[in-house]
Amino acid sequence: MFSAIRAGGFIMLPIILCGIAATFIIIERCFYFYVTKKRDVKLMYDLNSYLDSENYDSAAISCAEADTPCSQVVKKALDCRRWDEKDMKDAVEAEMSIVVPRFEHLLTPLGTISNIATLLGLLGTVTGNIKAFGVLGAGGTMGDPAILAGAIAEALVTTVAGLIVSIPSVIFYNYFISRVNRRIAEMENNVTNVVIKLTGRVK
């Protein structure tokens, strides 16, 4: 592996850094979505009993303990429960627009990495081919076979390394985008149920 990395030349360094960053983002986002989903399920279970008994203080405490985007919006609805229904809905919608970026955190860098890794691999291919043609031009028909093989290896290794980083990054980026959309829809549904209970339309 180390010989292959050396064969890829200096282009391998930014590709490896992209791979490390992508791995960190993927692990962090997987953990985040798992934890927030688990906390939100517990939160909504607790809120159902608290709201039915109009125990708003305990409901607010549960929101603070959950510390998720959904709990933040629900907490806003609880704070505004004495407001006019339209004003409360406006406040809740404004809070939603604030918390949505928490779901999308680090996804833009992951999408950028997926593009950069591909381009870095292509750059390594180009530089490797330039070296190979330079060897051929300087040494006649075949040139120095060892130098020529090294240049070709640089072109191939960087291409493969770029794709190894890029392909999983693209897959997980699209997966996380779908997760964000689902979580936003779930949050809207949960908050709507809470608002309906707070406005007294459902007991």
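So, in the range 171-201, how many residues would count as being in a loop (DSSP other than H, G, I, E, B) and open to solvent by 40 Å² or more (accessible area, probe 1.4 Å)?
2
Could you tell me which of the residues Ile11, Ile15 is assigned to a helix (DSSP H, G or I), in contact with a Gly (Cβ under 8 Å, 6 or more places away or on another chain) and within 23 Å of Leu107 (Cα to Cα)?
Selected residue: Ile15, the only one of Ile11, Ile15 that is assigned to a helix (DSSP H, G or I), in contact with a Gly (Cβ under 8 Å, 6 or more places away or on another chain) and within 23 Å of Leu107 (Cα to Cα).
Look at the range 29-41 and say how many of its residues are touching a residue at least 12 places away in the same chain (Cβ under 8 Å) and open to solvent by 50 Å² or more (accessible area, probe 1.4 Å).
2
Among the residues of the range 162-203, write down those that are closer than 30 Å to Val126 by Cα and either of a type in the set (Ser, Thr, Tyr) or under 13 Å from the mean Cα position of the chain (by Cα) (or both).
Matches in the range 162-203: Ser166, Pro168, Ser169, Val170, Ile171, Phe172, Tyr173, Asn174.
Restricting the range 102-114 to residues that are assigned to a helix (DSSP H, G or I) and open to solvent by less than 70 Å² (accessible area, probe 1.4 Å), which is farthest from Leu163 (Cα to Cα)?
Among residues in the range 102-114 that are assigned to a helix (DSSP H, G or I) and open to solvent by less than 70 Å² (accessible area, probe 1.4 Å), the one farthest from Leu163 (Cα to Cα) is Phe103.
The values are calculated or read from the model by the stated rules, or taken from the named source; none is laboratory data. Just so it is clear, the model here is predicted, and its values are computed rather than measured. All Cβ positions, glycine included, derive from the backbone under ideal geometry; neighbour counts span all protein chains shown. What goes into the accessible areas is simple: the full protein's heavy atoms, side chains included, and nothing from ligands, DNA or RNA. Shrake-Rupley method; radii C 1.70, N 1.55, O 1.52, S 1.80 Å.
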